[in-house]
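The values are calculated or read from the model by the stated rules, or taken from the named source; none is laboratory data. This one's a predicted model, so the numbers in the text were calculated from it and none came from an experiment. All Cβ positions, glycine included, derive from the backbone under ideal geometry; neighbour counts span all protein chains shown. Please note that ligands, DNA and RNA were not included when accessible areas were found on the heavy atoms of the full protein model with its side chains. Shrake-Rupley method; radii C 1.70, N 1.55, O 1.52, S 1.80 Å.
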Amino acid sequence: MVKVAKGQGKKPANTAANKPEAKKISNPSRIHNKMKRSEMYGKYLLQKKQLKREMRKKRAKEAEELGDAVSHVKQIPRTLENTREVEETMVKDDDLEVMADEAEDEFAEYFSDTTRPKIMITTRPNASAELYHFIRDLMRYIPRMFYYPRRKYSVKEICQFARNKDFTHLIVLSEKSKVCNGMIISHLRSMDGSKDGPAGPTAFFKVTNVIPSHDIPHAGTSTDHVPELVLNGFGTRLGHRIGRFLGSLFPHNAQFQGRQVATFHNQRDFIFVRHHRYVFEETGHTDENKPKTRARLQELGPRFSLKLRWLQEGTFDTQFGEYEWIHKRKEMDKRRKFHL
């Protein structure tokens, strides 16, 4: 009699149904080990891709079951712009209170073209040659700008010197590793036009992504025409104030024959600064034998971005000056809260 071993000849049990679900991988950015982090990040991307594919199949199956009753409205992707926290100081287009305030603020005379700005620009002590190339581009970008060497004077002494010389604005540039990384802009003219009256405000911007004109592909050459001014994306009370502050640097008698545009575009509290010329080109003829004209933009440079760090009342005074707004370090963690 042949003995059969225990378990032989039996059909193996199906354990697929009892298989535990794959563990969800969280974002591995906190893993310190570089090799392990790279491995887990690859698995994380695959899992994310698989989840997206399953959701797409699920929506297609529901649409097939519903038939004509399914909604054909395209889903709007979630972005930082449409999921931002609601700012209490957002300004509406028909806000009469804001319009009345702006008609009597420090920059009203510039926007009504009753006063033309005159700007003095200087640098940090012992600036590198690269910073002077950036100043040259700024002098081509902003009309009526004049360079004065810094020497050993303090910013407060330069402010008083510039007020005595009837300058309306002062710009001081700083740098790190031969690249501009900061810009102080101070408004020097008092509302009554006197040299001893209260002036201001003063703002400090962090400067990033500086690309000089000669490094921009197919860049054109700017002319002496006063450019048109575009201020876009400044929605809050603080944003309106900063936008008007930057707009006061330019004369408001645009010479349209130059076809030049100066743009300050605010997005997620980063102010993108651009300088363009719009060009009209004939690209053929229409069916009626009329010339077909196409418009395009030609960048002139420079190209850089600004990030507001603080706004101060009066002229530059970091010791006794009062701050209207200051960027707090802990607010950098709130990715969906914007101030401008």
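Since ALA63 meets every condition but one in (1) under 36 Å from the mean Cα position of the chain (by Cα); (2) at pLDDT below 80, which condition does it not meet?
(1) is the only condition that ALA63 fails.
Can you pull out every residue in the stretch 117-142 that is farther than 17 Å from ALA162 by Cα and more than 22 Å from the chain's Cα centre (by Cα)?
Scanning the stretch 117-142 gives PRO125, ASN126, ALA127, SER128, ALA129, GLU130, TYR132, HIS133, ARG136.
Which one of these is farther than 17 Å from ALA262 by Cα and of a type in the set (A, V, I, L, M, F, W, C): ILE158, ILE135, ILE119?
ILE158
Please tell me if HIS327 is touching an Asp or Glu at 6+ places or on another chain (Cβ under 6 Å) and open to solvent by 20 Å² or more (accessible area, probe 1.4 Å).
In short, no.
Scan (1) at pLDDT 90 or above; (2) basic (Lys, Arg); (3) surrounded by fewer than 12 Cβ atoms within 10 Å (Cβ to Cβ) for the single condition ARG309 breaks and write down its number.
Evaluating ARG309 over (1) at pLDDT 90 or above; (2) basic (Lys, Arg); (3) surrounded by fewer than 12 Cβ atoms within 10 Å (Cβ to Cβ) leaves (3) as the failure.
Table: residues versus (1) under 13 Å from the mean Cα position of the chain (by Cα); (2) of a type in the set (A, V, I, L, M, F, W, C).
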{"position": "PRO212", "(1), (2)": "no, no"}
{"position": "ASP224", "(1), (2)": "no, no"}
{"position": "PRO227", "(1), (2)": "no, no"}
{"position": "GLY247", "(1), (2)": "no, no"}
{"position": "ARG274", "(1), (2)": "yes, no"}
{"position": "LEU308", "(1), (2)": "yes, yes"}
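What are the residue pairs meeting all of these: first residue in the stretch 51-64, first residue open to solvent by less than 100 Å² (accessible area, probe 1.4 Å), second residue modelled with pLDDT under 85, Cβ atoms under 8 Å, and 6 or more apart or on different chains?
GLU62/VAL70; ALA63/VAL70
Do you know which residues across the stretch 246-262 are of a type in the set (Phe, Trp, Tyr) and crowded, with 21+ Cβ neighbours inside 10 Å?
Across the stretch 246-262, the qualifying residue is only PHE250.
Just one of ARG144, ARG150, ARG163 is of a type in the set (Lys, Arg), farther than 20 Å from ALA254 by Cα and touching a strand residue (DSSP E or B) at 6+ places or on another chain (Cβ under 7 Å); which is it?
So the residue among ARG144, ARG150, ARG163 that is of a type in the set (Lys, Arg), farther than 20 Å from ALA254 by Cα and touching a strand residue (DSSP E or B) at 6+ places or on another chain (Cβ under 7 Å) is ARG150.
So that you can scan it fast, the table gives a plain yes or no per residue for (1) in a loop (DSSP other than H, G, I, E, B); (2) touching a Leu at 6+ places or on another chain (Cβ under 7 Å); (3) at pLDDT below 90; (4) open to solvent by 50 Å² or more (accessible area, probe 1.4 Å):
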site: ARG78; (1), (2), (3), (4): yes, no, yes, yes
site: GLU85; (1), (2), (3), (4): yes, no, yes, yes
site: GLU88; (1), (2), (3), (4): yes, no, yes, yes
site: VAL98; (1), (2), (3), (4): no, no, yes, no
site: ASP101; (1), (2), (3), (4): no, no, yes, yes
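Looking only at the stretch 125-156, count every residue that is touching a residue at least 60 places away in the same chain (Cβ under 8 Å) and of a type in the set (Val, Ile, Thr) and tell me the total.
Result for the stretch 125-156: 2.
Residues PHE250, PHE264: which one is in a strand (DSSP E or B) and of a type in the set (A, V, I, L, M, F, W, C)?
Among PHE250, PHE264, only PHE264 is in a strand (DSSP E or B) and of a type in the set (A, V, I, L, M, F, W, C).
Any idea which of HIS275, HIS265 is touching a residue at least 24 places away in the same chain (Cβ under 8 Å), surrounded by fewer than 18 Cβ atoms within 10 Å (Cβ to Cβ) and within 16 Å of PRO302 (Cα to Cα)?
Only one candidate qualifies: HIS265.
Of the residues TYR153, TYR141, TYR148, only one is open to solvent by 10 Å² or more (accessible area, probe 1.4 Å) and modelled with pLDDT of 95 or more; which?
TYR148
Within the stretch 157-183, which residues are in contact (Cβ under 8 Å) with a residue 40 or more places away in the chain, within 29 Å of the chain's Cα centre (by Cα) and open to solvent by 30 Å² or more (accessible area, probe 1.4 Å)?
Of everything in the stretch 157-183, those that are in contact (Cβ under 8 Å) with a residue 40 or more places away in the chain, within 29 Å of the chain's Cα centre (by Cα) and open to solvent by 30 Å² or more (accessible area, probe 1.4 Å) turn out to be SER174, LYS178, VAL179.
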